[in-house]
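Asks: I'd like to ask you about the structure that follows.
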Amino acid sequence: MILNRYERMIARRYLLPGKGEGFIFLVAAISLVAVMLGVAALIIVMSVMNGFRAELFDKIVGLNGHAVIQGYGNRLDNWQDIVRETRATQGVTSAVPLIEQPLMASYSGRVEGVLVRGMQRQDILANPTLKGKVSAGSLESLQPGSNNVAIGARLAEALGATVGGQISLISPEGRSTPFGTVPRIVSYNVSAIFEVGVYDYDKAFVVMPIQDAQTLLMLGDAVGMVEIQTVDADRVGEILEPLRPLISGRAVIADWRSLNSSLFEALQVERVAMFVVLSIIILVAVFNILSSLIMLVRAKTRDIAILRTMGASRRAMMKVFMTVGVSIGALGILAGLVLGAIFLFFRQSVVNFIQLVTGQNLWDPSIRFLTELPSKTDPFEVTAIVLMALLFSFLATLYPAWKAASTDPVQVLRYE
């Protein structure tokens with residue numbers, strides 16, 4: 001929409017308050033603020049939802065892989081062949097044997113449910129989720145046969161355990177006696193405490209060398225599963241299809257979708273619902289632009305009639321009022337982008353401040369999985385939000401602009 005010089009001058013004049021037009025200007029300013037808040041809210045919420053999914057995916061997949069080959073009865077014998085064939089499969093980047101078993105842990109009279117995870121030492125040190133997340137001690141101390149373990153930070157808090165202390169792991173698979181099975185209790189040294197940022201992991205995980213886990217659970221040389229990473233998480237089923245005949249009757253393949261389906265589906269539904277609900281805020285703001293333009297047209301009816309008698313065309317009048325409405329929307333969108341960027345940059349500080357003022361715990365990691373408010377802004381989503389807001393603003397200008405263009409100067413100026 002290209003305006004000539006006098007059309008730009010008129011549009012600029014109508015954007016500024018004239019004598020006796022303070023109320024119209026106030027409504028236009030409210031419209032601008034409403035668009036700003038709507039755009040900012042939509043960008044903030046969608047970025048946080050994207051951050052949730054990205055953080056959860058990175059942390060969950062970082063510890064669980066894109067897929068696992070799970071042995072029947074949580075036992076996989078002759079796993080070396082499976083690991084070798086898996087690593088040779090096109091599209092597979094790593095295949096890691098491991099053991100996972102829920103047990104009980106006790107420390108100084110406190111008891112907590114834990115998830116023991118046995119891994120080969122080189123895999124523990126190379127794991128990207130654990131690497132750099134050790135808050136006390138060192139993963140280097142996890143030597144086979146050393147009876148050293150690493151535990152999550154939330155588990156350490158719950159038990160009151162510290163580096164150098166000893167925790168006891170209680171396994172129901174113990175010695176058989178005439179009076180029944182006696183649980184197996186083994187003490188381990190806490191040599192490292194880690195915090196990966198996912199509450200459920202930090203609250204439950206006990207990591208140890210796979211040889212120690214085999215001894216604790218009396219598995220011999222067997223493992224529980226093989227964790228697999230691929231070049232493309234979305235194509236994991238297709239990539240691992242050639243392995244199904246090899247493991248038939250011995251194990252099953254479960255990918256990250258089936259292992260965490262309810263969580264990621266809930267996040268996806270919530271993203272769509274929040275986008276629709278917050279889009280309504282922008283729609284309401286656009287109705288404010290519509291009402292302010294209608295009032296402006298009514299206030300400027302005499303001016304429009306004079307301009308028409310001086311040669312201004314209907315098209316020129318439409319362009320002027322459409323420019324005024326779109327300008328209000330565009331300024332609101334620009335302000336919303338700035339406000340959204342500022343909020344996302346200081347998001348955790350804002351959460352902490354609100355918690356401090358209200359005295360309420362707004363960010364409970366036990367409920368929200370992550371220890372901090374995440375954010376990941378998608379440029380395509382931001383572009384879609386901006387275009388949607390611009391489209392709504394444009395549509396809101398059509399009726400007032402048409403009404404202005406339809407003004408009959410003869411009828412308006414008859415009694416002037």
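The values are calculated or read from the model by the stated rules, or taken from the named source; none is laboratory data. Bear in mind that the values here come from a model prediction, so they are computed numbers and not experimental data. When we count neighbours, we look across all protein chains shown, and the Cβ atoms used for this are built from the backbone with ideal geometry, even at glycine. Protein only, heavy atoms only, side chains kept; ligands, DNA and RNA dropped before computing areas. Shrake-Rupley method; radii C 1.70, N 1.55, O 1.52, S 1.80 Å.
Asks: What is the local net charge at Val116, summed over the other residues whose Cβ is closer than 11 Å to its Cβ (Lys, Arg +1; Asp, Glu -1)?
Replies: Result for the local shell: -1.
Asks: For a Förster distance of 35 Å, can you work out the FRET efficiency between the beta-carbons of Thr377 and Ile185, rounded to the nearest 0.05?
Replies: The pair Thr377/Ile185 has a calculated efficiency of 0.10.
Asks: Considering Cα pairs under 8 angstrom that are at least six residues apart, work out the relative contact order of the chain and quote it in whole percent. Can you show the working numbers first?
Replies: Numbers: 683 pairs, mean separation 117.1, N = 416.
With pairs under 8 Å counted, the relative contact order is 28 percent.
Asks: Now for a separate question. So, counting K/R as plus one and D/E as minus one, what does the shell of residues with Cβ under 15 Å around Gly224 add up to?
Replies: My count for the surroundings of Gly224 gives -4.
Asks: Can you show me the helix-derived [θ] at 222 nm for the chain, built from DSSP H runs with n ≥ 4 at -39,500 (n - 2.57) apiece and divided by the number of residues, rounded to the nearest 500.
Replies: That comes out to -18000 deg cm²/dmol.
Asks: Past the 18 angstrom mark, what percentage of all C-alpha to C-alpha distances in the range 283-350 do you count?
Replies: Here the long-distance tail beyond 18 Å is 54 percent of all Cα pairs in the range 283-350.
Asks: Continuing with this model, one more query. Mind grabbing the base-10 log of I(q)/I(0) for the chain at q = 0.07, 0.08, 0.09, 0.13 Å⁻¹? Debye formula, identical points on the C-alpha positions, no solvent, two decimal places.
Replies: Values, matching the q order: -0.54, -0.63, -0.71, -1.09.
Asks: Roughly how many Å is it from the Cα centre of the range 156-172 to that of the range 300-356, as a whole number?
Replies: Between the Cα centre of the range 156-172 and that of the range 300-356, the gap is 60 Å.
Asks: I've got another one for you. Take the Cα of Glu241, step 7 Å along the line toward its Cβ, and report every residue of the range 61-95 whose backbone nitrogen sits under 17 Å from that point.
Replies: 89-92
Asks: For a test of understanding, tell me how many lysine pairs in the chain have Cα atoms under 24 Å apart, given they are 8 or more places apart or on different chains.
Replies: 14
Asks: Further question: Distance in nm between label sites at Val351 and Leu395, each 7 Å beyond Cα in the beta-carbon direction?
Replies: Reported label-point gap for Val351 and Leu395 is 3.5 nm.
Asks: Taking θ as phi - 60°, what are the ³J(HN,Hα) couplings along the range 317-332 by the Karplus curve (6.51, -1.76, 1.60), each to the nearest whole Hz, with x for Gly and Pro?
Replies: My calculation for the range 317-332 gives 5, 4, 4, 4, 6, 5, 5, 4, x, 5, 5, 4, x, 5, 5, x Hz in order.
Asks: What dipole magnitude, in Debye to the nearest 20, does the chain give about its Cα centre under +1 on Lys/Arg Cβ and -1 on Asp/Glu Cβ?
Replies: Working: 36 positive and 33 negative charges, 466 e Å.
Result for the chain is approximately 2240 debye, rounded to the nearest 20.
Asks: Percent relative contact order of the range 129-280, based on C-alpha pairs within less than 8 angstrom and at least six residues apart?
Replies: Normalised by residue count, the contact order of the range 129-280 is 24 percent.
Asks: Give the average over all directions of the projected area of the C-alpha convex hull of the range 82-195, one decimal, in nm².
Replies: 8.9
Asks: GNM, the chain, Cα, under 10 Å: largest mean-square fluctuation among Thr397, Thr309, Thr89?
Replies: Thr309
Asks: Here's another thing I want to ask about it. Whole-Hz ³J(HN,Hα) for each residue in the range 270-285, computed from phi via Karplus 6.51 cos²θ - 1.76 cosθ + 1.60 with θ = phi - 60°, x for glycine and proline: what do you get?
Replies: Those phi angles translate into 5, 4, 5, 4, 5, 5, 5, 5, 6, 5, 5, 4, 5, 4, 5, 4 Hz.
Asks: Ok, one more. Take the chain, connect every pair of alpha-carbon atoms lying under 10 Å apart with a spring to form a Gaussian network, then pick out the residue of Gly38, Gly73, Gly113 with the largest mean-square fluctuation.
Replies: The residue that fluctuates most here is Gly73.
Asks: What is the extension gain from Val111 to Leu334, computed as 0.36 nm multiplied by their sequence separation minus the C-alpha to C-alpha distance, in nm to one decimal?
Replies: The span from Val111 to Leu334 would gain 74.8 nm if fully extended.
Asks: Let me ask another. Quick one: if the Förster radius is 45 Å, what FRET efficiency do Leu125 and Gln360 give, using the C-beta to C-beta distance and rounding to 0.05?
Replies: 0.65
Asks: Could you give the nm distance between label points at Ser291 and Asn260, where each point is 7 Å from its Cα heading toward the beta carbon?
Replies: Each label point is offset 7 Å from its Cα along the Cβ direction, giving 4.5 nm.
Asks: In addition: Sort Tyr14, Tyr72 by heavy-atom solvent-accessible area, probe 1.4 angstrom, most to least. Could you put the intermediate results ahead of the total?
Replies: On the way: Tyr14 25, Tyr72 125 Å².
Per-residue accessible area, sorted high to low, gives Tyr72, Tyr14.
Asks: To test your reading of the geometry: what angle, between 0 and 90 degrees and rounded to tens, separates the Cα axis of helix 379-405 from the longest principal axis of the chain?
Replies: Result, in degrees: 20.
Asks: Could I ask something else about it? Would you mind getting me the FRET efficiency between Ser168 and Ala88? Use the beta-carbon distance for r and R0 = 30 Å, nearest 0.05.
Replies: Values: r = 41 Å, r/R0 = 1.37.
Approximately 0.15, to the nearest 0.05.
Asks: Would you please give the residues with an amide H less than 5 Å from that of His66, counting only those at least 5 places away or on a separate chain, with H modeled from the backbone geometry?
Replies: Ile228, Gln229, Thr230
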